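Laboratory data are not the source of any read-out in this text; all were calculated from the coordinates shown. Being a predicted model, the structure only gives us computed values, none of them experimental. When we count neighbours, we look across all protein chains shown, and the Cβ atoms used for this are built from the backbone with ideal geometry, even at glycine.
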């Protein structure tokens, strides 16, 4: 399990993680998500400017307090200065409230939009994308990375703008107050920028690695939990604890390195900035003693110098956050830029509405993208007649499931064509094509919801009465009404609260409700006990009536009455006929029958 997790999750990301040229400029990709909220952005920017200007006014209050209150020993002047500072404080509070609300709202809204955009895009991607991208990594991007962007947009980004405005405003006020002291402060700026640039690059690279490592942790944990019965059956709890601890420790070590770099950056900036302020205080204090400037001017200057220092410290800290945001944005944009290989035709798109349900596979050769050296099918030609039952039999790896996936256009063959009603299926919109088919797999996919939702998945607009009628035809109504809340009963994750036979009948009810032209059955009874198989077989007979049906057969006893049986081996058609004819003409079919009956006996 460990090997698969790390290999699958890292397959797509390694080149990007090693790309040293990625910069914070990737954050400009977020503009497309922020643009729809121009009014809120403008309002937040106005409030930021207002709050910064009001904050800068505090320095003048300090000057009034010292020069007109303390120096002149005037209670009236002191009172005016205090009231001025109090009024400024109230305005700062109001401005801060408005700023915090607007930027936090913007962060929540934009992160929600990004999360939705990524999910909407992911569910349209071709299945081969998921062969090389782990589900844990994708989920990490949709959840963890978008949550990080929410924090950046809703907090850090506004702090960066506010600090930049404060920095510019404070520098202007410093120049207006005392040019000589301002030059002392400005001399320290290059020494501040150097560590920001040097350590910032390291933080950015470590941020991406940290997020990737957390995706590995989530992927491994999800896989272990999903297969918890297998883990416990083999008594592998201790091995899984040890392997998971290694994944967590790896993520911790990368996170620790990132934190160390950020802490070094912040500490270095503080030392340089406050060292400059100390030097400025020495020079300024000497000027006050010698009468070259007033105490109020020095107090105001110190206030503005502290604003400059705190703004630079905040900016350096926010830059570290922006590096993390750049990593998160890069991971999200990677997904959004993936193009699906299965797309509707741009020209001459056909409709499936009036076509017959005859299916023809013509000289199909196909290799899975993850196994390009291994041919899943090789020049295979086969026809499923309308309204008839075609069974596919053969050893594992013969290409049976591959034909199902090609027919539904989860993949396109490298060579050959597939026709539905005489039309190449690539001329249909994939959604419309799949709407004409229903798949009932060995392990049906049920969702963490109630019975109504799971059956209605076949036809979302169906009424409750239609759902119940489909359940009756699938021989599922009887056990459903005996559930604690009937059709409103919650089935648990992947339908864990139902037996295998009950899950199959829910899946069959879903297919009946969909009312497809083509039915694809991946031997829905192979894993069931005799009683469950009897109920499911009855339901399948109802479902197969008057439909073109293709069955992947594992139990040969269930397909003896199929109209045609296709024997496949290593992606090729070995023979085609009825059960009785194949018993005399096909050695492979004879061997499969003999092996199965020996197993049964």
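Using R₀ = 25 Å, calculate the FRET efficiency as 1/(1 + (r/R₀)^6) where r is the Cβ-Cβ separation of residue 515 and residue 419; round to 0.05.
Values: r = 22 Å, r/R0 = 0.88.
Efficiency at R0 = 25 Å is approximately 0.70.
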Approximate spin-label separation residue 130-residue 585, in nm, with each point projected 7 Å along Cα-to-Cβ: 3.9 nm
Residue 443 paired with residue 365, simple spin-label distance in nm, labels 7 Å along Cα-to-beta-carbon: 3.3 nm
Inter-label distance for residue 334 and residue 143, nm, one decimal - labels placed 7 Å from Cα along Cα-to-Cβ: 1.9 nm
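Rounded, prolate or oblate: which fits region 301-400, taking a ≥ b ≥ c as square roots of the Cα gyration tensor eigenvalues, rounded meaning a/c under 1.5, else prolate when a/b beats b/c?
On the way: a/c = 5.56, a/b = 3.13, b/c = 1.78.
It is prolate, given that a/c is not under 1.5 and a/b is the larger ratio.
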Two-site FRET efficiency, residue 259 against residue 310, from Cβ-Cβ distance with R₀ of 30 Å, rounded to 0.05: 0.90
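Hey, can you rank 577-583, 407-413 by average C-beta count inside 10 Å, highest first?
Answer by packing, highest mean first, reads 407-413, 577-583.
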Beta bridges per DSSP with both ends in region 359-600, % antiparallel, nearest 5: 55 percent
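Order by neighbour count: 282, 105, fewest other Cβ atoms within 10 Å first, most last. Before the final figure, lay out each step's value.
Working: 282 10, 105 14.
Exposure proxy ranking, most exposed first: 282, 105.
For residue 83 and residue 281, calculate 0.36 nm times their separation in residues minus their Cα-Cα distance, and state this gained length in nm to one decimal. Can you show the working numbers first?
Working: separation 198, 0.36 × 198 = 71.28 nm, distance 2.76 nm.
Stretched out fully, the residue 83 to residue 281 stretch lengthens by 68.5 nm.
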Normalised contact order of region 290-425, rounded percent, pairs of Cα under 8 Å and 6 or more residues apart: 24 percent
Per-pair calculated FRET efficiency, R0 = 45 Å: residue 91 and residue 179 via Cβ, rounded to 0.05: 0.95
